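This report concerns only the one structure given below.
The values are calculated or read from the model by the stated rules, or taken from the named source; none is laboratory data. Just so it is clear, the structure is predicted and the values come from calculations on it, not from any experiment. Cβ atoms come from the backbone with ideal geometry, glycine included; neighbour counts cover every protein chain shown. All accessible areas refer to the heavy atoms of the entire protein, side chains included, with ligands and DNA or RNA removed. Shrake-Rupley method; radii C 1.70, N 1.55, O 1.52, S 1.80 Å.
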Amino acid sequence: MESGEWGVGSDVNRLVTVEDRSSEWPVTGIGNAWSREYFDGPFYLFAAPADRPAISLVFVQTRDGNTGAPNPQDLGGGPTDKHLIYEGLSRVAADAVLAGASSVGHSVFFTVTHPELIALRMELGLPRHPAQMVISNDGNFDLDARVLTTVNVPVFLLAGDRCVRKVADEIARRPWITLIPTNGDLPAAFTRLRLDHGIGRISAVGGRMTATSLVDAGLVQDIYLTTSPIAGGEPNTPWYVGERQLRLETIVKKREAAEAPIVVEHRAVVDTNNFEI
């Protein structure tokens with residue numbers, strides 16, 4: 001969706017700040033007049049480590065904590081989450097958007113859609129579209145999916161051993177796709193992305209297994225978590241499904257100015273080293 005497809009109204013409601021602890025964290029605020037009005041202030045980013053990208057997770061959950069659904073819109077995030085957060089501020093400064101292969105449908109393409117946020121991305125000196133990034137262990141994905149066939153946008157495939165064996169020959173015929181073997185070492189693969197390809201910031205949008213592997217590898221700085229007002233989703237599908245005892249701390253918490261509001265939290269992942277006994 002480009003800017004010309006938007007009317008005067010976009011069904012995006014303003015957010016209202018409930019809690020702001022941003023002064024306690026090493027974050028930098030970004031925004032323009034429109035985003036600061038609708039997000040109720042700056043949108044905060046952690047700086048990238050010297051040797052790997054900054055990685056933020058982005059999830060919508062129902063009020064009972066489920067993130068799985070056949071159609072993600074069934075989770076109840078609504079237009080405000082979709083256009084302001086998910087397709088907006090969470091990736092407006094990203095060099096790449098990352099998803100697990102099982103989360104990438106045939107027509108999916110990761111970009112920024114609202115015209116005001118397209119303008120902000122341009123102000124930040126970034127290309128119109130972030131690079132498309134897919135991670136797969138076994139290579140079971142649609143090679144003709146839009147994320148892999150948009151030739152004017154860089155694509156990175158982070159591939160486990162089975163995936164490399166299955167698709168390397170086909171990927172070699174697609175010069176716009178860079179194959180990054182993970183070799184069982186995710187930190188090393190992301191260091192290569194940072195140092196060899198200049199990927200400094202990644203928005204990771206799902207799914208749960210991908211998010212868990214990134215957290216367990218110590219690669220995630222923060223999460224943008226939207227909680228909808230509805231119950232439902234697939235039971236027992238939290239965004240993190242690993243064995244670590246996570247400690248998350250609030251940076252900011254926002255509430256939608258609506259009758260049945262979503263709640264948007266930006267939370268730091270500050271400790272993933274204690275395993276549950």
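Among (1) closer than 26 Å to Leu124 by Cβ; (2) open to solvent by 20 Å² or more (accessible area, probe 1.4 Å); (3) touching a helix residue (DSSP H, G or I) at 6+ places or on another chain (Cβ under 8 Å), which single condition is Arg244 missing?
The failed condition is (1).
So Ala94 passes all but one of these: (1) open to solvent by less than 30 Å² (accessible area, probe 1.4 Å); (2) over 20 Å from Ala54 (Cα atoms); (3) in contact with a Lys or Arg (Cβ under 8 Å, 6 or more places away or on another chain); (4) in a loop (DSSP other than H, G, I, E, B). Which condition number does it fail?
So Ala94 meets the others, but not (2).
Kindly indicate which of Gly41, Gly68 is more than 25 Å from Arg146 (Cα to Cα), part of a loop (DSSP other than H, G, I, E, B) and open to solvent by less than 60 Å² (accessible area, probe 1.4 Å). Talk me through it step by step, then tell me what you get.
Working: Gly68 fails: more than 25 Å from Arg146 (Cα to Cα).
Among Gly41, Gly68, only Gly41 is more than 25 Å from Arg146 (Cα to Cα), part of a loop (DSSP other than H, G, I, E, B) and open to solvent by less than 60 Å² (accessible area, probe 1.4 Å).
List the residue pairs whose Cβ atoms are under 7 Å apart, where the first residue sits in the stretch 110-133 and is in contact (Cβ under 8 Å) with a residue 12 or more places away in the chain and at negative phi, the second is among the acidic types (Asp, Glu) and part of a helix (DSSP H, G or I), and the two are 6 or more positions apart or on different chains.
Matching pairs, first to second residue: Val112/Glu87; Thr113/Glu87.
Return the residue satisfying two criteria in turn: it lies in the stretch 188-201 and is in a helix (DSSP H, G or I), in contact with a strand residue (DSSP E or B) (Cβ under 9 Å, 6 or more places away or on another chain) and open to solvent by less than 50 Å² (accessible area, probe 1.4 Å), and of such residues it is farthest from Ser136 (Cα to Cα).
Across the stretch 188-201, the extreme among qualifying residues is Leu193.
Spot the failing condition for Val104; the list is (1) touching a Phe, Trp or Tyr at 6+ places or on another chain (Cβ under 8 Å); (2) over 28 Å from Pro235 (Cβ atoms); (3) open to solvent by less than 30 Å² (accessible area, probe 1.4 Å), and only one is missed.
The failed condition is (2).
Can you tell me which residue within the stretch 256-271, out of those that are part of a strand (DSSP E or B) and among the hydrophobic types (A, V, I, L, M, F, W, C), is nearest to Ser228 (Cα to Cα)? Working first, answer last.
Quick first cut of the stretch 256-271, residues part of a strand (DSSP E or B) only: 256, 263-271.
When the remaining residues are screened for being among the hydrophobic types (A, V, I, L, M, F, W, C), the result is 263-264, 268-270.
On the way: Val263: 7, Val264: 9, Ala268: 20, Val269: 21, Val270: 24 Å.
Going through the qualifying residues, I end up with Val263.
Being within 24 Å of Phe110 (Cα to Cα) and in a loop (DSSP other than H, G, I, E, B) narrows it down to one residue among Gly232, Gly242, Gly206; which is it?
Numbers: Gly232 fails: within 24 Å of Phe110 (Cα to Cα); Gly242 fails: within 24 Å of Phe110 (Cα to Cα).
Every option except Gly206 fails the conditions.
Could you list, in sequence order, the residues of the stretch 221-237 that are open to solvent by 50 Å² or more (accessible area, probe 1.4 Å) and either touching a helix residue (DSSP H, G or I) at 6+ places or on another chain (Cβ under 8 Å) or of a type in the set (A, V, I, L, M, F, W, C) (or both)? So that I can check it myself, show each step before the final result.
Step one: filter the stretch 221-237 for residues open to solvent by 50 Å² or more (accessible area, probe 1.4 Å), giving 230-231, 234-236.
Matches in the stretch 221-237: Ile230, Ala231.
Considering (1) within 21 Å of Glu19 (Cα to Cα); (2) buried (at least 16 other Cβ atoms within 10 Å of the Cβ), say which one His129 fails and leave the rest.
(1)
Regarding Glu123, is this residue open to solvent by less than 60 Å² (accessible area, probe 1.4 Å) and over 19 Å from the mean Cα position of the chain (by Cα)?
When the stated conditions are applied, Glu123 does not pass them.
Can you find, within the stretch 166-187, the residue that is nearest to the chain's Cα centre (by Cα) among those that are assigned to a helix (DSSP H, G or I) and buried (at least 16 other Cβ atoms within 10 Å of the Cβ)?
Step one: filter the stretch 166-187 for residues assigned to a helix (DSSP H, G or I), giving 166-172, 186-187.
From the residues that got through so far, the ones that are buried (at least 16 other Cβ atoms within 10 Å of the Cβ) too are 166-167, 171, 186.
Values: Lys166: 27, Val167: 25, Ile171: 24, Leu186: 17 Å.
That would be Leu186.
Is there a residue in the stretch 103-110 that is within 20 Å of the chain's Cα centre (by Cα), within 25 Å of Gln221 (Cα to Cα) and at pLDDT 95 or above? Steps first, answer last, please.
Let us first name the residues in the stretch 103-110 that are within 20 Å of the chain's Cα centre (by Cα), namely 103-110.
Now restrict to residues that are within 25 Å of Gln221 (Cα to Cα): 103-104, 109-110.
Okay, now just the ones that are also at pLDDT 95 or above, so 109-110.
Yes, the stretch 103-110 has at least one match.
Within the stretch 132-165, which residues are open to solvent by less than 10 Å² (accessible area, probe 1.4 Å), within 17 Å of Val97 (Cβ to Cβ) and of a type in the set (A, V, I, L, M)? Can you show your working first?
We begin by selecting, within the stretch 132-165, every residue open to solvent by less than 10 Å² (accessible area, probe 1.4 Å); these are 132-134, 136, 139, 145, 147-148, 153, 155, 157-160, 163.
Remaining after also requiring within 17 Å of Val97 (Cβ to Cβ): 132-134, 136, 145, 147-148, 153, 155, 157-158.
The answer is Met133, Val134, Ala145, Val147, Leu148, Val153, Val155, Leu157, Leu158.
Do the conditions hold for Ala50, that is, is it in contact (Cβ under 8 Å) with a residue 24 or more places away in the chain and either open to solvent by 10 Å² or more (accessible area, probe 1.4 Å) or closer than 22 Å to Arg267 by Cβ (or both)? Explain how you work it out, then say what you get.
Numbers: in contact (Cβ under 8 Å) with a residue 24 or more places away in the chain: no; either open to solvent by 10 Å² or more (accessible area, probe 1.4 Å) or closer than 22 Å to Arg267 by Cβ (or both): yes.
Taking the combined requirement at face value, the residue does not satisfy it.
Test each condition in (1) at pLDDT below 95; (2) part of a helix (DSSP H, G or I) for Pro49 and report the one that comes out false.
(2)
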